Amino acid sequence: MRIEDYALIGDMQSAALVGRDGSIDWLCLPRFDSPACFAALLGEERNGHWWIGPAGPGRRLSTRRRYRENTLVLETEWDTEGGTVRVTDFMPPRHANPDLVRVVECLSGSVEMGTLIRIRFDYGRIVPWVRRDNGLLQAIGGPDSVWLHSPVPLQGGDYAHKGNFRVSAGDRLAFVFTWHPSHSPKPPSIDPLEELDETEAIWREWISQCTPRTEERWREAVDRSLITLKALTYSPTGGIVAAPTTSLPEDIGGVRNWDYRYCWLRDATMTLDALLGAGYVEEARDWREWLLRAIAGRPQDLQIMYGVAGERRLPEMELPWLEGYEDSRPVRLGNAAVDQLQLDVYGEVMNCLYLARASGLTSISRTWAIQRSLMEFLESHWDEPDEGLWEVRGPRRHFVHSKVMAWVAADRVIRQVERFGQSGPVERWSDLRGRIHAEIMEKGYDAERNTFTQSYGSQELDASLLLIPQTGFLPPDDPRVTGTIDAIERELMSDGFVLRYPIAHQNTVDGLTGGEGAFLACSFWLAEARAMAGRRKEAVEMFEKLLSLRNDVGLLAEEYDPRYGRLVGNFPQAFSHVPLIHTAHTLSRPGSTPRHTALL
């Protein structure tokens with residue numbers, strides 16, 4: 001299926017992707033970054049999946065699906081010649097073990113249904129040993145074990161289990177899939193219908209705490225994005241993953257396939273800013289605690305990403321037994337970018353911690369101590385080339401965005417001293433801030449074309465330059481800012497959407513082959529930059545165009561490929577939903593001033 005044919009369910013520790021056809025094709029347990037037990041998304045059905053849907057000779061007349069209002073409970077309905085049936089999929093907030101529940105309910109008539117499950121551990125590589133125990137199925141393979149409670153008989157064959165059954169109006173049958181470590185005792189059973197009510201209540205209670213800051217016409221899109229971001233939060237630690245998937249391609253059939261099931265400091269700080277803007281201070285507190293644990297140690301050891309519990313070693317490897325989504329190879333596990341130098345993350349961290357404090361989060365002493373330590377490192381390294389925001393795998397460069405964010409780091413610690421009474425060498429930091437600003441204006445700005453450039457001395461543009469007015473580096477109506485917006489609109493757009501940077505020639509900065517789609521976050525950045533520059537009508541038009549790219553349940557991938565009219569990249573992507581929220585908030589504020597700018 002297309003990437004947009006999937007929907008997300010999860011328990012804030014892991015997540016599954018459910019297709020429009022009723023097949024769960026991706027599920028990692030017990031964590032977001034654990035090996036998948038359903039991996040058909042990146043291979044074939046033999047790599048693991050679980051289908052439930054109408055079967056038999058009767059034709060399917062239509063399919064529709066939705067989330068129950070303000071929840072992560074998914075409903076898929078099929079109209080058939082015999083009647084209408086609904087499957088409700090959800091993962092209850094976790095108790096002792098992760099559970100996945102699928103409830104089949106006949107709404108009218110009588111419908112023949114089928115189910116087929118192939119359990120595979122270690123990303124489809126391990127075919128487990130399966131046995132029956134008092135009506136349940138248990139699958140065991142290495143460290144993993146799952147129990148399946150099925151209300152209908154299942155027959156084994158061809159390393160799968162399947163069954164056909166008929167439901168009539170009013171029938172309601174619940175399937176429960178439970179994971180646990182294979183060395184542990186059999187987990188206790190849950191009441192699936194009670195868990196359904198409890199899961200709905202938990203999600204509705206959480207979204208009810210949102211502080212409305214958005215025009216009513218965009219409220220549904222913002223609420224769905226907030227729920228998605230919450231679903232990508234690993235509740236035991238507060239870490240936030242970039243996406244729940246790995247290796248969904250940025251270019252169908254190409255090599256731009258990466259593992260996003262980790263916590264990027266950049267993505268997480270932007271996510272926290274969006275959550276703070278909606279009033280979720282508790283999430284900011286949890287993330288700050290995760291951050292302090294993850295980065296504890298020498299400032300020179302700061303990484304751009306960590307595991308959900310703060311793990312530092314995320315070695316990249318390939319999984320050759322998986323064919324890749326639509327033959328997009330290789331399928332990758334881990335991410336080698338963990339070892340890159342990306343100076344912009346220092347600015348992202350400092351900015352987020354400043355905004356958290358300005359939003360009312362109580363200060364703790366070790367936070368400032370770590371910030372000062374990070375600044376000492378940045379003072380000595382800000383003028384080095386790096387791999388930059390986009391994690392290029394080509395030579396390091398002096399990326400303008402990285403330098404701007406180094407300026408942001410200095411600016412925010414100065415503001416914390418001035419506003420909150422923290423102690424620090426303000427004169428030294430002020431001098432640093434001034435030197436960085438002056439160098440960017442000298443080396444990162446092309447006066448002839450009236451635009452900032454991707455890196456010092458280059459002619460290329462970069463969508464990250466659209467963030468300059470949001471950081472406070474220059475006012476949004478500064479001619480150099482508006483000139484950069486104009487240049488990006490001329491040179492860095494494809495069918496009305498923004499590319500990250502030019503990739504049409506062999507000397508592309510990222511060192512990779514092939515193309516990619518339009519990066520959705522960049523397009524939201526352009527909409528927000530237009531709004532800040534006083535071009536509200538154009539900003540709203542672009543924002544509405546981007547909202548139309550969401551799938552039928554309101555989710556966005558990393559990119560949109562105008563060549564195919566499809567979403568591409570890992571899904572759903574926090575880095576797409578965050579600027580959706582930011583742009584909606586900016587467009588809803590008087591004067592189109594972003595919240596984070598107003599707090600400076």
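Residue-by-condition table, conditions (1) part of a loop (DSSP other than H, G, I, E, B); (2) farther than 28 Å from Arg120 by Cα; (3) touching a Pro at 6+ places or on another chain (Cβ under 6 Å):
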| site | (1), (2), (3) |
| --- | --- |
| Asp223 | no, yes, no |
| Leu226 | no, yes, no |
| Leu272 | no, yes, no |
| Leu292 | no, yes, no |
| Gly297 | yes, yes, no |
| Gln300 | no, yes, no |
| Gln303 | yes, yes, no |
| Arg312 | yes, no, no |
| Pro315 | yes, no, no |
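Starting from residues that are outside any loop (DSSP other than H, G, I, E, B) and hydroxyl-bearing (Ser, Thr, Tyr), keep the ones in the stretch 1-27 and report whichever is surrounded by the most Cβ atoms within 10 Å (Cβ to Cβ). Here the residue is Tyr6.
Determine whether the stretch 475-493 contains at least one residue that is in a loop (DSSP other than H, G, I, E, B), farther than 24 Å from Pro562 by Cβ and not acidic (Asp, Glu). Looking for residues that are in a loop (DSSP other than H, G, I, E, B), farther than 24 Å from Pro562 by Cβ and not acidic (Asp, Glu), one finds at least one in the stretch 475-493, hence yes. In the stretch 151-190, what residues are in contact with a Leu (Cβ under 6 Å, 6 or more places away or on another chain) and of a type outside the set (Gly, Ala, Ser)? The answer is Pro151, His161, Lys162, Phe177, Trp179. Filtered by the rule that a residue be touching a residue at least 24 places away in the same chain (Cβ under 8 Å) and either surrounded by fewer than 19 Cβ atoms within 10 Å (Cβ to Cβ) or of a type in the set (A, V, I, L, M, F, W, C) (or both), the stretch 369-378 gives Ile370, Arg372, Ser373, Leu374, Met375, Glu376, Phe377, Leu378. Looking across the stretch 402-437, just one residue is farther than 16 Å from Glu376 by Cα and aliphatic (A, V, I, L, M), and that is Val404. When the stretch 1-29 is filtered for residues that are more than 17 Å from the chain's Cα centre (by Cα) and of a type outside the set (D, E, K, R), the ones remaining, listed by number, are Met1, Gly19, Gly22, Ser23, Ile24, Leu29. Any chance the stretch 59-68 includes a residue that's assigned to a loop (DSSP other than H, G, I, E, B), at pLDDT 95 or above and under 16 Å from Ser14 (Cβ atoms)? Within the stretch 59-68, none of the residues are assigned to a loop (DSSP other than H, G, I, E, B), at pLDDT 95 or above and under 16 Å from Ser14 (Cβ atoms). The set of residues in the stretch 451-484 being among the β-branched types (Val, Ile, Thr) and touching a strand residue (DSSP E or B) at 6+ places or on another chain (Cβ under 8 Å) consists of Thr451, Thr453, Ile468, Thr484. Only one of the numbered conditions (1) touching a residue at least 60 places away in the same chain (Cβ under 8 Å); (2) polar (S, T, N, Q); (3) under 30 Å from Pro249 (Cα atoms) is not met by Ser62, and that is (1).
Residues in the stretch 137-164 that are surrounded by fewer than 19 Cβ atoms within 10 Å (Cβ to Cβ) and of a type in the set (Phe, Trp, Tyr): Tyr159 only. Residues that are small (Gly, Ala, Ser), buried (at least 24 other Cβ atoms within 10 Å of the Cβ) and either outside the structural domain of Pro249 (by TED's automatic domain parsing) or touching a Phe, Trp or Tyr at 6+ places or on another chain (Cβ under 8 Å) (or both) within the stretch 532-574 comprise just one, Ala557. A search for C-beta distances below 9 Å between a residue of the stretch 292-318 that is at positive phi and any residue that is aliphatic (A, V, I, L, M), counting only pairs 6+ apart in sequence or on different chains, returns Gly310/Leu291; Gly310/Ala294; Gly310/Ile295; Gly310/Ala296.
A quick yes/no check of all residues on (1) assigned by TED's automatic domain parsing to the domain that holds Gln342; (2) surrounded by 19 or more Cβ atoms within 10 Å (Cβ to Cβ); (3) of a type in the set (Gly, Ala, Ser):
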position	(1), (2), (3)
Ala409	yes, yes, yes
Gln416	yes, yes, no
Glu448	yes, no, no
Phe473	yes, yes, no
Pro479	yes, no, no
Thr482	yes, yes, no
Ala487	yes, no, yes
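Among the residues of the stretch 187-206, those that are surrounded by 14 or more Cβ atoms within 10 Å (Cβ to Cβ) and either free of Cβ contacts under 8 Å to residues at least 60 places away in the same chain or part of a loop (DSSP other than H, G, I, E, B) (or both) comprise Pro187, Ile190, Trp206. A search for C-beta distances below 6 Å between a residue of the stretch 88-117 that is in the same structural domain as Trp78 (by TED's automatic domain parsing) and under 14 Å from Trp50 (Cα atoms) and any residue that is among the basic types (Lys, Arg) and part of a strand (DSSP E or B), counting only pairs 6+ apart in sequence or on different chains, returns Asp89/Arg102; Leu116/Lys162.
In the condition set (1) farther than 25 Å from Leu466 by Cα; (2) without any contact (Cβ under 8 Å) to a residue 60 or more places away in the chain, Arg396 is compliant with all but (1).
Only residues that are in a strand (DSSP E or B) and over 19 Å from Lys162 (Cα atoms): list them for the stretch 28-58, please. Passing the criteria: Cys28, Ala36. Taking the condition surrounded by fewer than 21 Cβ atoms within 10 Å (Cβ to Cβ), of a type in the set (D, E, K, R), over 30 Å from Leu333 (Cα atoms) and touching a residue at least 40 places away in the same chain (Cβ under 8 Å), does Arg213 pass? So Arg213 passes the test.
The condition (being more than 20 Å from the chain's Cα centre (by Cα) and aromatic (Phe, Trp, Tyr)) is satisfied by just one residue among Tyr325, Tyr346: Tyr346.
Screening His585 against (1) free of Cβ contacts under 8 Å to residues at least 40 places away in the same chain; (2) within 24 Å of Ile485 (Cβ to Cβ) leaves a single unmet condition, (1). Would you call Arg480 more than 30 Å from Asp251 (Cβ to Cβ), of a type in the set (Lys, Arg) and free of Cβ contacts under 8 Å to residues at least 40 places away in the same chain? Yes.
Any chance the stretch 311-332 includes a residue that's more than 28 Å from Phe473 (Cβ to Cβ) and of a type in the set (Phe, Trp, Tyr)? Checked against the condition, which is being more than 28 Å from Phe473 (Cβ to Cβ) and of a type in the set (Phe, Trp, Tyr), the stretch 311-332 yields at least one hit.
Of the candidates Arg59, Arg68, the single residue that is among the basic types (Lys, Arg), over 20 Å from Ser150 (Cα atoms) and over 25 Å from the mean Cα position of the chain (by Cα) is Arg59.
The residue that is nearest to the chain's Cα centre (by Cα), counting only those in the stretch 379-406 that are surrounded by fewer than 23 Cβ atoms within 10 Å (Cβ to Cβ) and part of a helix (DSSP H, G or I), is His381.
Entry remark, the stretch 29-49: residues being buried (at least 22 other Cβ atoms within 10 Å of the Cβ) and either out of contact with any helix residue (DSSP H, G or I) (no Cβ under 9 Å at 6 or more places or on another chain) or not assigned by TED's automatic domain parsing to the domain that holds Thr88 (or both) number 4 in total.
The values are calculated or read from the model by the stated rules, or taken from the named source; none is laboratory data. Remember, it's a predicted structure, so these values are computed and weren't measured experimentally. Cβ atoms come from the backbone with ideal geometry, glycine included; neighbour counts cover every protein chain shown.
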